[in-house]
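> The structure's right below; bear with me while I get my questions together.
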Amino acid sequence: MRVILICATTIDGFIAKDSNEITRWTKDLALFKKQTRGCTVIVGSKTYKTIQNELKDRNIIVINRNSDPNTILNKLKETEDKCFIAGGGKTNSKFYKYITDLYLTPHPLIFGDGVGLFDKTKIELNIKLKKAIKVKGSDNLYQYQYIVTNKQNTEIPLIIEDLICGFSNNT
Ligand SMILES: NC(=O)c1ccc[n+]([C@@H]2O[C@H](COP(=O)([O-])OP(=O)(O)OC[C@H]3O[C@@H](n4cnc5c(N)ncnc54)[C@H](OP(=O)(O)O)[C@@H]3O)[C@@H](O)[C@H]2O)c1
């Protein structure tokens, strides 16, 4: 099963100014909705409070500090071939060992501080760019789609797809 982390970030790697921020600066919501519609989306309790209205038509799993990622993903992989991890930073950190893909949209902003993509956790992932998609209706925003290439720790098997590097206007 592909476990896809999907997030809008600043250039310096933040996803929000603080844990309670409703992130109105993101310009890729339509793409997020298109890509996740009909899929399972895993979010942390803080994120759910900030974007629950945007998450209709998806199977939403809201996690808390006691949730076990391995249990959740093992159950999901019985019926799904992919799912999305959609923040926030604490949730991304909790699931990082299982992530197979990252869909990141860097925005031309610098916060200097806030909630990091992987909040306050030391993480090392080797990733490879697979594709970059222009975010429709935006001024030169791209969603960069990476695959994770070091998967020693994961208990979910990784399906490595053929690598296609380059830019595309397709979603
Ligand atoms: N830019 C983007 O694309 C994007 C995407 C998603 C979210 N965000 C933003 O990210 C922010 C939220 O991120 P976040 O990292 O603060 O929250 P989060 O990951 O959404 O939720 C916090 C999670 O961490 C758990 N937790 C809290 N304290 C903990 C502790 N001491 N030990 C272990 N687990 C703990 C919570 O469980 P409990 O419920 O048990 O406390 C919950 O599961 C919001 O501003 C949201 O808008 C941005």
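The values are calculated or read from the model by the stated rules, or taken from the named source; none is laboratory data. In this text the structure is predicted, and so the values were computed from the model without any measurement. Here the Cβ is made from the backbone with ideal geometry for all residues, glycine too, and neighbour counts use every protein chain on show.
> Would you mind stating whether Lys34 is crowded, with 20+ Cβ neighbours inside 10 Å and charged (D, E, K, R)?
no
> When only residues in segment 9-43 that are closer than 19 Å to Lys56 by Cβ and part of a strand (DSSP E or B) count, which is nearest to the ligand (Cβ to nearest atom)?
Val43
> Collect the residues in segment 7-16 that are of a type in the set (Val, Ile, Thr) and surrounded by 22 or more Cβ atoms within 10 Å (Cβ to Cβ), keeping them in residue-number order.
The one that is of a type in the set (Val, Ile, Thr) and surrounded by 22 or more Cβ atoms within 10 Å (Cβ to Cβ): Ile15.
> Out of segment 65-93, which residues are under 15 Å from Thr9 (Cβ atoms), touching a residue at least 60 places away in the same chain (Cβ under 8 Å) and assigned to a helix (DSSP H, G or I)?
Passing the criteria: Gly89, Asn92.
> Oh, and also: Out of all the residues in segment 52-68, is one or more surrounded by fewer than 15 Cβ atoms within 10 Å (Cβ to Cβ), at pLDDT 95 or above, out of contact with any Cys (no Cβ under 9 Å at 6 or more places or on another chain) and basic (Lys, Arg)?
Yes, that holds for at least one residue.
> Next question. Could you please find all residues in segment 1-20 being more than 12 Å from the chain's Cα centre (by Cα) and touching a residue at least 40 places away in the same chain (Cβ under 8 Å)?
Correct list: Met1, Thr10, Ile11, Asp12, Gly13, Phe14, Ala16, Lys17, Asp18, Ser19.
> Only one of these conditions is not met by Lys46: (1) within 10 Å of the ligand (Cβ to nearest atom); (2) within 13 Å of the chain's Cα centre (by Cα); (3) not in a loop (DSSP other than H, G, I, E, B). Which number is it?
With respect to (1) within 10 Å of the ligand (Cβ to nearest atom); (2) within 13 Å of the chain's Cα centre (by Cα); (3) not in a loop (DSSP other than H, G, I, E, B), Lys46 is out only on (2).
> Looking at segment 96-109 only, could you name the residues that are of a type outside the set (Ser, Thr, Tyr) and either more than 10 Å from the ligand (Cβ to nearest atom) or under 11 Å from Ile6 (Cα atoms) (or both)?
Lys97, Ile99, Asp101, Leu102, Leu104, Pro106, Pro108, Leu109
> Further question: Does Arg65 fit the bill of being of a type in the set (D, E, K, R) and under 15 Å from Lys94 (Cα atoms)?
When the stated conditions are applied, Arg65 passes them.
> Please go through segment 94-125 and give me each residue that is more than 23 Å from Arg65 (Cβ to Cβ) and at pLDDT below 95, ordered by number.
Selection gives Glu124 alone.
> Mind checking whether some residue in segment 24-36 is under 13 Å from Ile4 (Cα atoms) and of a type outside the set (Phe, Trp, Tyr)?
Within segment 24-36, one or more residues are under 13 Å from Ile4 (Cα atoms) and of a type outside the set (Phe, Trp, Tyr).
> Of all residues in segment 55-64 being farther than 17 Å from Asp119 by Cα and part of a strand (DSSP E or B), which is nearest to the ligand (Cβ to nearest atom)?
Among those that are farther than 17 Å from Asp119 by Cα and part of a strand (DSSP E or B), it is Val62.
> From the list Gly112, Gly87, Gly137, which one is within 16 Å of the ligand (Cβ to nearest atom) and surrounded by fewer than 12 Cβ atoms within 10 Å (Cβ to Cβ)?
None of the other options fit; the residue is Gly112.
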